[in-house]
Amino acid sequence: MEFKNDFAWGVATSSYQIEGGNLKDGRGKNIWDEFSKWPNKVYNQHDGLIACDHVNRFKEDVKIMKNLGIKAYRFSISWPRILPNGTGQTNKQGLQFYHDLIDELLDSGIEPYITLYHWDLPLTLHRQGGWLNPNIISAFEEFATLVAKEFTPKVKNFFTLNEPQCFCGLGYVSAVHAPGWKLNYNDSLFLIHNALKAHGAATRALRDNAKGQVYIGYAPTSSPIIPKDNTKESIEIARQNYFDLPNLNEDYHFSTSLYSDPVILGDYPEAYYKKYKDYIPEVSKDDLKLINQPLDYLGQNIYHGIKNFGFESNDPHTDLNWKIVPESLYWGPKFLYERYKLPIYITENGMANADTLALDGKVHDPQRIDFLNRYLLELKKAIKEGIDIRGYFLWSLLDNFEWSEGYKSRFGLVYVNYKNQERILKDSAYWYSSVIKENGRNL
């Protein structure tokens, strides 16, 4: 079996993780510029000021994608690169960079998919309260309006928020990520509600201001629950556990249904109003109507899963100690499609590895090839069973700034020598290129 002819074989990146530019082109500061300076927050106090210098090397990076046969590229727009203060005055240099990138992609036969927000909140907005301030909703709407007016009809596909579980939970609950706040239950649930309202406002703004047809989705993350066996009972238990709301003393901010039910089904899960009743914000019908904008597809970032029957200590894991669970790329899309009934894009999937340059001048990463092969086989199985999966965006095109891990871990198909910005294609890049060329027949 091969994949559909229009299957979007892609790669993904995000603005702060690769662009660099060192604030020389008018980009405003974002929360990671500040957070990276704090002691013991980012590995070796690395930052993204230079990163992969993509703003100056995007033509080289697009050429690499073209040569590999990449069909789709998911990247994010840096909010402070085009609106340095989050609202108001635009930065013409920043806008021109994205026009040039998009034109280069289209000239190379690569379909651009834009993510509006991948965690680089303008510092000015953060100092006004960030996602905790209700004004963030109109600010994000203004940002989305600008993106729609500038980049359509050249760009037709958009995602609003990338992994709201992470920027809300890691940024404002556990303080592992920027801005490093630790909010109480009331404030964190209010912040999540603001983020979902901002998603709705941005979705509406994209549709209202786009030139021509646009297709819009949303890209949360999840760790699918893997059934113990293939009995109906085990599958149902796994499904329920996947969508159940955790208790507040658990990782409630990483729930699947908390973020996706109101966006797609029009309301929070019933358990939200029971389990969290003492802490939830006022939720009006107008709020839910705003959040529940029609979507064309659901994005999902999936790296690993959770086995109902537990892990063994010797189970394989990545360089970030994430368990390797290929079945998550079968059960995740299956459960999500059955619940939400939207076409699915796997918006991120990949492996962190301690890649090194060998004596022959190449980067040999058989572990990543094995990882990708196993995961894509499970995705293929889901498609074969009728799950409507439209595309797969491998994370990532380039080694990059991996947030609190700095440059310690490498996710890329392309090795980046951070001393001189040299790009070296890894063995996995050639392998993925062959999969695209064969449209998955060789899996």
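Bear in mind these aren't lab numbers, they're just calculated from the coordinates by the rules spelled out. Note that the coordinates shown come from a computational prediction; the quantities given were computed from them, not determined experimentally. Note that each Cβ is placed from the backbone with ideal geometry, even for glycine, and that neighbours are counted across all protein chains shown.
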For this session: Extending each Cα 7 Å along its Cβ direction at Lys285 and Glu338, get the distance between those two points in nm, one decimal.
Result: 3.3
Exercise. Using a Förster distance of 35 Å, how high is the FRET efficiency between Thr90 and Gln240, based on the Cβ-Cβ distance and rounded to 0.05?
Worked result: 0.15
Problem set entry | Total charge dipole magnitude, segment 181-311, about the Cα centre, Cβ charges on Lys, Arg, Asp, Glu only, Debye to nearest 20 | 260
Problem set entry | Ellipticity estimate at 222 nm from DSSP helix runs (n ≥ 4, -39,500 (n - 2.57)) divided over the chain, nearest 500 | -11500 deg cm²/dmol
For this session: Output the relative contact order of the chain, whole-number percent, from Cα pairs under 8 angstrom with separation of 6+ residues.
Result: 18
For this session: Could you tell me the distance between the Cα centroids of segment 241-288 and segment 396-417, to the nearest Å?
Result: 33
Problem set entry | Cross-link partners of Lys384 among aspartates and glutamates (Cα-Cα below 14 Å; sequence separation of 8 or more within a chain) | Glu2
Exercise. How large is the charge dipole for the chain, taken about the Cα centre, if only the Cβ atoms of Lys, Arg (+1) and Asp, Glu (-1) carry charge, to the nearest 20 debye?
Worked result: 540
Exercise. Regarding segment 8-437, what is the average projected area of its C-alpha convex hull, in nm²?
Worked result: 19.8
Exercise. Between Lys274 and Lys37, what is the spin-label point distance in nm, taking each point 7 Å from the Cα along the Cα→C-beta axis?
Worked result: 4.9
Exercise. Which ordering of Met1, Met351 is given by a fewest-first count of other beta-carbon atoms within 10 Å?
Worked result: Met1, Met351
For this session: Would you mind checking the pairs Lys29/Lys341; Lys182/Lys228; Lys24/Lys149 and listing those with alpha carbons more than 29 angstrom apart?
Result: Lys29/Lys341; Lys182/Lys228
Exercise. Between the DSSP loop rule and a limit of at most 14 other Cβ atoms within 10 Å, which trypsin sites (Lys or Arg not before Pro) in segment 37-81 are left?
Worked result: Lys37
Problem set entry | Extension gain, Leu265 back to Leu443 (0.36 nm per residue minus Cα-Cα distance, nm) | 60.6 nm
Seminar exercise, completed: Filtered hits (aspartates and glutamates, Cα-Cα < 18 Å from Lys289, offset >= 8 within chain) -> Glu141, Asp208, Asp261, Asp267, Glu270
Exercise. Looking at segment 238-300, which trypsin sites (Lys or Arg not before Pro) are in a loop (DSSP not H, G, I, E or B) and have at most 16 other Cβ atoms within 10 Å?
Worked result: Lys277
Exercise. In what sequence do Ser396, Ser174 fall when counting other Cβ within 10 Å, fewest first?
Worked result: Ser174, Ser396
For this session: Between Leu248 and Arg374, take the C-beta separation as r, use R0 = 60 Å, and let me know the FRET efficiency to the nearest 0.05.
Result: 0.95
Exercise. If the limit is 18 Å between Cα atoms, which of Lys275/Lys307; Lys154/Lys211; Lys66/Lys437; Lys71/Lys334 go over it?
Worked result: Lys275/Lys307; Lys71/Lys334
Exercise. What aspartates and glutamates could a cross-link reach from Lys419, if we take a straight Cα to Cα line under 16 Å and drop same-chain neighbours fewer than 8 places away?
Worked result: Glu19, Asp47, Asp53, Asp355, Asp399
For this session: Would you mind pulling out the separation of the Cα centroids of segment 11-52 and segment 97-118, in Å?
Result: 21
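Ignoring the sites themselves, what is the longest stretch of the chain with no GluC sites (Glu not before Pro) in a DSSP loop and at most 11 other beta-carbon atoms within 10 Å?
Longest gap between qualifying sites, sites excluded: 1-249.
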Exercise. Is any residue of segment 46-82 close enough, with backbone N under 14 Å, to a label point placed 7 angstrom from the Cα of Lys362 along the Cα-Cβ axis, and if so, which?
Worked result: none
Exercise. Between exposed chymotrypsin sites (Phe, Trp or Tyr not before Pro) in the chain, where DSSP calls loop and at most 11 other Cβ atoms lie within 10 Å, what's the longest gap?
Worked result: 1-308
